[in-house]
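Notes follow the structure.
The values are calculated or read from the model by the stated rules, or taken from the named source; none is laboratory data. These figures come from a predicted structure and were not determined experimentally. Glycine also receives a Cβ, built like all others from the backbone with ideal geometry; neighbour counts cover every protein chain displayed. Side chains included, ligands, DNA and RNA excluded: accessible areas come from the protein's heavy atoms. Shrake-Rupley method; radii C 1.70, N 1.55, O 1.52, S 1.80 Å.
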Amino acid sequence: MSRERFGSNRATIMALAGSAIGLGNIWRFPYMLGQNGGSAFIIIYIASILLLSLPIFLSEAVIGSSTRCNTFGAMKTLAPGSRWKYLGLLTVLTPLVLLSYYSVIGGWSVGYLAKSTVGGFQKDVSTFYTNFTSSPLKAILCHTIFLGTTSLIVLGGVKKGIERFNKISIPVLFFLIVGIAIYVATLPGASQGYAYMLKPDWSGVTAGTAAAAMGQGFFSLSLGVGTVLTYTSYMNKGGSIVRTGIWTAIFDLAFALIAGFAIMPAVFAAGIEPGAGPGLIFETLPYIFTQMSPLIGRILSIVFFFTILIAALTSSISMCEVGVAYLEQEKGISRKKAVALIFVCTWTLGIVCALAFGPLKDVKLMGLDIFSFLDYLTSNFLMSFGALLFVIFVGWKMKKETVRDCFLNKRLFHFFYFLIRYIAPLGIIVIFLTNL
Ligand code: PHE
């Protein structure tokens, strides 16, 4: 069966940037920056991208671009008859777990967008947040809409679905977030927000900072779960994996910084203590919108939740595509059936996650509710475990010549090969132990 490909190298970069830019950039990065020494953290973050994230990215890209297969097929091709195929299987399953709970939050952005459009937010935003997230009907409906949209885009195929959606969305996302950041800059008191994010404060940098930076780089660049592998398997011949990786990282970091410039100054202008996670987007920001003049608040909240929704969609389609590529290629079923099957599985698990904010609130696994447990399991363990195995495979198991052939620039090959073999595995183990 002939496989589709992206139409150009730019399209590959846009798709990977789309996967990278997501909720992680909006609700975690700005807060982390403020908590970990401001611009001092940016330097550490960039170093960790170069030394750790890029080598992992390139390992997945080497496997994807050299085999042009889904994760499972790629491992089977490169290491026939060995147990490495289970790594392929793991990276089919992890993004599906991720998709299930990501879709719940994506669904919230659907709900909030609808609310901003029809009614706007009233003063008591916290009650709205609690009522909305704990209502099984609303949460499940919104999750269904979000996952349904994700499935429809993936159904369109690599070129007409994923490529086209990302090519339009990435410029739109940047346009919108820059627009919000410019407006927010005019608010009185905004400057404290910039100071919070940027003031270099080396005393805020602790032993945990480097691990935090590495962990954030991981999640943000979508590493260790096979999305990079799958997308680079659709890369055009002659495309450079190093260039693709560097541009993806640049887009991702730029978006995270601008999102911070859009959010933190607004938070400070309203005189609120900044936080991270869902509360920042779904409680704090709507509250800030209610403090503005009704028209401006309304426009800003529509634009803001629309931006979050699109950013979440460009990520969720990449999670879905990993499974679809596997089912199509390995099981020989049509894209339509593959998407339907994945929809049913992730929809069901997503409902369980959605109910964790309401009726299933008290069901605990290792002291965490179901949603938090799955998030903890994937972002702290499954992703780093997948990444560790990818770098070990490329650095120690694959033939050096095969790896070298994937690099256009041989000097860069030597640099990154060293990082893949020695530095990346060590770094991942450090994050792993820190998380434990
Ligand atoms: N990078 C995405 C974000 O920042 C999340 C993601 C992880 C997407 C893994 C795909 C795979 O939100």
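Some values worked out for this structure:
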item	result
Residues located in the stretch 381-395, provided they are of a type outside the set (Gly, Ala, Ser) and within 13 Å of the ligand (Cβ to nearest atom)	382, 383
Matching residues in the stretch 115-140 - criterion: being in a helix (DSSP H, G or I) and surrounded by fewer than 16 Cβ atoms within 10 Å (Cβ to Cβ)	117, 118, 126, 127, 130, 131, 136, 137
First in the stretch 274-288 and among the acidic types (Asp, Glu), second anywhere and open to solvent by 30 Å² or more (accessible area, probe 1.4 Å), Cβ under 7 Å, 6 or more apart	283/126; 283/129
Residues of the stretch 281-292 satisfying the condition of being open to solvent by less than 60 Å² (accessible area, probe 1.4 Å) and either more than 13 Å from residue 180 (Cβ to Cβ) or part of a helix (DSSP H, G or I) (or both)	281, 282, 283, 284, 285, 286, 288, 289, 290
Candidate set: the stretch 404-427, residues that are of a type in the set (A, V, I, L, M) and within 22 Å of residue 244 (Cα to Cα); chosen: the one most open to solvent (accessible area, probe 1.4 Å)	408
From the options 260, 217, residue that is part of a helix (DSSP H, G or I) and in contact with a Pro (Cβ under 6 Å, 6 or more places away or on another chain)	260
Residue among 88, 107, 64, 73 that alone is open to solvent by less than 10 Å² (accessible area, probe 1.4 Å), closer than 17 Å to residue 313 by Cβ, touching a residue at least 24 places away in the same chain (Cβ under 8 Å) and assigned to a helix (DSSP H, G or I)	107
Scope the stretch 237-280; condition modelled with pLDDT of 90 or more, open to solvent by 40 Å² or more (accessible area, probe 1.4 Å) and among the charged types (D, E, K, R); matching residues	243
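Here's the yes/no breakdown for (1) more than 19 Å from the chain's Cα centre (by Cα); (2) away from the ligand (no atom under 15 Å from the Cβ); (3) surrounded by 18 or more Cβ atoms within 10 Å (Cβ to Cβ); (4) among the small types (Gly, Ala, Ser):
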position	(1), (2), (3), (4)
4	yes, yes, no, no
11	no, yes, yes, yes
17	no, no, yes, yes
22	no, no, yes, yes
25	no, no, yes, no
30	no, no, yes, no
38	yes, yes, yes, yes
42	no, yes, yes, no
45	no, no, yes, no
